[in-house]
Amino acid sequence: MALLKVSNLSTEIRLTDRTINAVKDVSFEVNHGETFALVGESGSGKSITALSLARLLPDAAKITHGQVRLNDANLLNYTEKDMRTVRGSKVSMIFQEPMTSLNPVVKIGDQISESMIHHEQLSKQAARARCLDLLNAVGLPDAKRNMGEYPHQLSGGMRQRIMIAIALAANPDVLIADEPTTALDVTIQAQVLELLKKLQEELKMGLIFITHDLGVVQQVADRIAVMRYGEIVETASSKEFFSAPQHPYSQQLLNAVPSIHKRGQRLSINGEDATQLNKNIKQTPDNLPLLDVDHLKVHFPIRKGIFKRVVDHVKAVNDVSLQLYPGKTLALVGESGCGKTTVGKSIVRLLEITQGDMTFQGHDLVQLKGEELRARRSDLQIVFQDPYSSLNPRMLVGDIIEEGMISLSVENNPQKRKQAVTELLQQVGLPADSMDRYPHEFSGGQRQRICIARALAVKPKVIICDEPTSALDVSVQAQVLNLLKDLQAQLGMSYLFITHDMSVVSYLADEIAVMYQGGIVEHGDAISVLQEPQHEYTKKLLAAVPKLHLH
Amino acid sequence: MPFQPVILITDALFFILTALLVVFILFARKREHISRPWKKVFKRSTGAVSLVVLSTYYSIAVLDSMHFNPRLENASTEQATYSNEILSVLDVFMTPMRTQVEKTFSAPLATHLLSKVMVPQEDGSMQQVYPRLKYGGAHLENPDQDKLVDIVLLVVRGILYAAIVWLVMWAVISFIYSRKVKLTISKSISKLFSSDQEYPVCAIAITTGIIITIVSVSMVVGSYYHLFGTDKVGQDVFYQAIKSIRTGILIGTLTTIVMLPVAITLGAMAGFFRGWVDDVIQYLYTTLNSIPGVLLIAASILLVQIYMSNNEENFNSLVERADIRLLFLCLILGITSWTGLCRLLRAETFKLREMEYIQAATAFGVTKFRILVRHVMPNFMHIVLITVALDFSGLVLAEAVLSYINIGVDPATNSWGNMINQARLEMARDPVVWWSLTAAFVFMFILVLFANLFADVVRDALDPRVAGSE
């Protein structure tokens, strides 16, 4: 008999002006000791499904019909009071954001033992002993000390371990993990996944794993359900799914994932066949680097006291050298906090440079000031990570794209400028009437296209792409990556591609530079770095990445 | 010409403000992201109703700000001569209430004075009697018997007038609406008032009905009686309360105009440039904040008074002097009240300057000034609007408090604060004269209540945190 059986579950969200059917007629089973993965892109209803199971829905959402049977008792018939005991002892949840799921003013030990003292009437000593066991079980190195600490004293990975410990405190039958590793770096992600898998085997729990990352799914899941528009389109065992996906949407998802095998091809979107990319990249005859960064250092001063004395420096970037050649893509890879974004922003002179040289086509960039700097800005442009905060919500899209052309005097004739904007929109695949609309009317992928059009407007030779696809779904990511490749083929630009996503790197990059703690540890041709990493850190990083194997 | 227009300084500023308001409405109509939250305000019945009430107050203030000198009648010469008296358009409408001045106190709707007066009798002896009022209920033969019936009849007449005006008004609106939706009149009326109408038409219709009835009844009854009685020198209290509306609205709005440029410029600069600019601005407002506001206001009002008494030749009339004092009160209130908004805007700019679209603009070489104007300011305007709406009622109340302790507007200016200040002594009399205080309270209460309700709705509509949680 199945541990958890969900049948015909439907949930709707009632807004003031309309009703959204977030979950439509969803049915699945989870067995003892099984990992069941719910996969889908954002807005597919996978999180609402999870919240419906634990009956933790927001006020606006309501379960309209269906059954959730846990050990053959329908959870949807329980009163709220009964449900509280179920949540404490039988169904537990782990959320995505380890930063906000813990109360910042309560010590770790007290947060974990709180529910034990409440629900199981344990004495304070017994609860603390249990707590220590749990923290040891989730692999915290110094559990005793950690219990007396506050959440801000711990790293993201440690916090997520504590969340897991809290979820496990009552020995649940079912553990629901909602994107538990999305906010974590790959090396930490690997540790957390391993831990979850180990604990599940020990405790024989049913694990419902919700994620958008197919690589992670392949690593952990026994069975998989793919969700789209609130419906499950395919349920299959992990092996079947990755060798022969049945539903067209599943195939689409798998095809959209960039990988080293798809280099030189367009990523397929909506089932169309992968086509060869236009290879006629305009090559400049001489092999001089377009952009040459030499021993770049960026330090941020730490100031203290009333006189703002500089007491120390944060060495965000410490001795970085790299060369970018015309028409090529250099990927700058590293985990969060390694200083890769700082490098990108320093190159376009958004940050002050502490030391080092930068030249663009042999012209110095570091000493530029005022008008000279403004004149140079059209050569180097940047596309940011978050397409929501990088467009001014109060400006029309046309004005946003035009702004750079006006301020850098690329085109001074208003009529020609309008025409140029129309062409740019066409180039990035947006309708011409987008010009007179506001950014909030566009989706994340479309907004990223607007950002790219804005950067292209001033005819740059180098575009710094700062994680341009990390906020996007995999199919939208595929569209944006295709667009970037097409534009490079047409216009012969160079990209400095800053990212933490190895699958994107392996698909797109000509060269790779690996950054670690403010410095570059390995630099070389993409294929050789990926296949024969030299430095220890690169090896560790590559090993931690969940790889998607398609049979 | 039968009159000579007079534009006082506060009038001019008030008209400029009204013009700015109109310009903003025209500007916002074309821009979807600005008009969207405002449409949300009008769709809430609380918002629509308070807006109707507030615009009634505002129109009274506008009427009361159109000043002129009337032409003197006796001028036989060709050359027109004008009186020195400054009147407003509102005064013309309220002529009976303005001119019918009694001897002294009388109760609301009374026909006799409040206190006994020695009156010589026919037989030559003196007797203490309550004398009849000169105007209030003067048309009645036998006030004790006829007064009640008379008042009821007047009220009915007022309601009748109101009903006619209201029906005509809504007939015109329905007609225009039927042309717009291209339906027959009867169908479009039922559609206009149906519950699925986008805007709360029913609530607006009821509110306008109530307001028109109140105006009409008080006009009809007010020309035969003193609605809220008379004060010590026999002036109509209802007239005073109505005249105080202009003072209240002016204090609430002009102060805002004085404060806004300072708060916006300094707040945005402090947040955007940081460093020493931020330090200077922070020290400025911390210093200003630590001086008691009342002290500053008292000092500056004293200064103005001394200046005016030393330069009497510059001021033609009492009204002009009172006007200058009102203006200075607005100025000094503005100077003491910009710090709160400035602090909010500084914090918001801190947040905005780290936004990626600002960095993108920097990467395009957009000048700092343009970034401030095009990227920073439009994105904190919701805070400005919310603060203005919330501050308005506070300022109206502040005027009352300041006038009460004699450092507010000129004693000659009609204001709720002055009325309350006078009522302080009247409350100690026997029998108690309660109507001045009540009238001031009722009029101020309604204005402040609806201003607060409106501010609440505006905040709900404009605050991104509230809007995002829906």
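Here are some notes:
- Averaged over residues, the count of other Cβ atoms within 10 Å places the peptides B:329-340, A:435-446 in the sequence B:329-340, A:435-446, highest first.
- Note on A:His261: accessible area approximately 150 square angstrom, rounded to 10, probe 1.4 Å, nucleic acids and ligands left out.
- Size descriptor, Kirkwood hydrodynamic radius, that averages inverse alpha-carbon separations across the stretch A:331-454, Å: 16.2 Å
- Taking every protein chain into account, the accessible area of the stretch B:109-226 amounts to 64 square angstrom per residue (probe 1.4 Å).
- Taken over the Cα atoms of the stretch B:243-469, the convex hull encloses 155 Å³ per residue.
- Entries of A:Lys46/A:Lys540; A:Lys107/A:Lys540; A:Lys297/A:Lys345 with Cα pairs more than 22 Å apart: A:Lys46/A:Lys540; A:Lys107/A:Lys540
- Across the stretch B:109-226, C-alpha contacts under 8 Å between residues 6 or more apart give a mean separation that, scaled by the residue count, equals a relative contact order of 32 percent.
- The mean number of partner chain beta-carbon atoms within 10 angstrom of a residue's beta-carbon across peptide A:377-386 is 3.
- Length-normalised contact order for chain B - Cα pairs under 8 Å, 6+ apart - percent: 19 percent
- Cα gyration tensor, the stretch A:1-148 - rounded (a/c under 1.5), prolate or oblate: prolate
- Computed label-point distance, nm, for sites A:Asp17 and A:Lys204 using a 7 Å Cα→Cβ extension: 5.4 nm
- Remark: the B:Leu183-B:Val442 segment gains 88.9 nm on full extension, using 0.36 nm per residue and subtracting the alpha carbon distance.
- Measuring how big the stretch B:109-226 is from its alpha-carbon positions, Rg and Dmax come out at 23.4, 79 Å.
- Sulfur and carbon atoms: percent of accessible area, the protein assembly as shown [1.4 Å]: 57 percent
- Computed over chain A, the ratio Rg/Rh where both radii use C-alpha atoms and Rh is Kirkwood: 1.00
- Degrees separating the helix A:80-89 axis from the principal Cα axis of chain A, which is the longest one: 80 degrees
- Greater than 26 Å apart at Cα, pairs in A:Lys62/A:Lys90; A:Lys239/A:Lys485; A:Lys340/A:Lys461: A:Lys239/A:Lys485
- When you count the other C-beta atoms within 10 angstrom of each residue and take the mean per peptide, A:452-458, A:364-370 line up highest first as A:452-458, A:364-370.
- Ranked from largest to smallest solvent-accessible area, with a 1.4 Å probe on the protein heavy atoms, B:Phe93, B:Phe3 come out as B:Phe93, B:Phe3.
- In order along the stretch A:105-114, phi translates into HN-Hα couplings of 9, 10, 5, 3, x, 5, 5, 6, 6, 3 Hz, rounded to whole numbers, per the Karplus curve 6.51 cos²θ - 1.76 cosθ + 1.60 with θ = phi - 60° and x for Gly and Pro.
- Shielding value for B:362-372 is 6, the average number of Cβ atoms from other chains within 10 Å of each residue's Cβ.
- Relative contact order, percent, chain A [alpha-carbon distance under 8 Å, six or more residues apart]: 15 percent
- Interface area, B with A, accessible, probe 1.4 Å, both sides summed, Å² nearest 100: 2300 Å²
- Gyration tensor (alpha-carbon) shape descriptor, the stretch B:158-210, a/c threshold 1.5: oblate
- Highest mean first, the peptides B:94-100, B:195-201, A:501-507 sorted by other C-beta atoms within 10 Å per residue fall in the order A:501-507, B:94-100, B:195-201.
- Angle in degrees between helix B:32-43 and the longest Cα principal axis of chain B, rounded to the nearest 10: 40 degrees
- The candidates B:Val258, A:Val91, arranged from most to least accessible area with a 1.4 Å probe in the full protein assembly, appear as B:Val258, A:Val91.
- Test item: A:457-464 mean partner chain Cβ contacts at 10 Å: 1
- For chain A, the longest principal axis of the Cα atoms and the long axis of helix A:186-203 meet at an angle of about 10 degrees.
- Gyration tensor (alpha-carbon) shape descriptor, the protein assembly as shown, a/c threshold 1.5: prolate
- Occluded residues from the stretch B:1-40, i.e. those whose accessible area drops by 20 Å² or more once the chain is not alone (1.4 Å probe): B:Glu32, B:His33, B:Arg36
- With contributions of -39500 (n - 2.57) from each DSSP H run of at least four residues, the per-residue ellipticity at 222 nm computed over the protein assembly as shown stands at -16500 deg cm²/dmol.
The values are calculated or read from the model by the stated rules, or taken from the named source; none is laboratory data. If you're wondering where the values come from, they're calculated on a predicted model, not measured in any experiment. Methodologically, a virtual Cβ is constructed for each residue, glycine included, from the backbone with ideal geometry; neighbour enumeration extends over all protein chains shown. Surface areas here come from the heavy atoms of the whole protein model, side chains and all, with no ligands, DNA or RNA. Shrake-Rupley method; radii C 1.70, N 1.55, O 1.52, S 1.80 Å.
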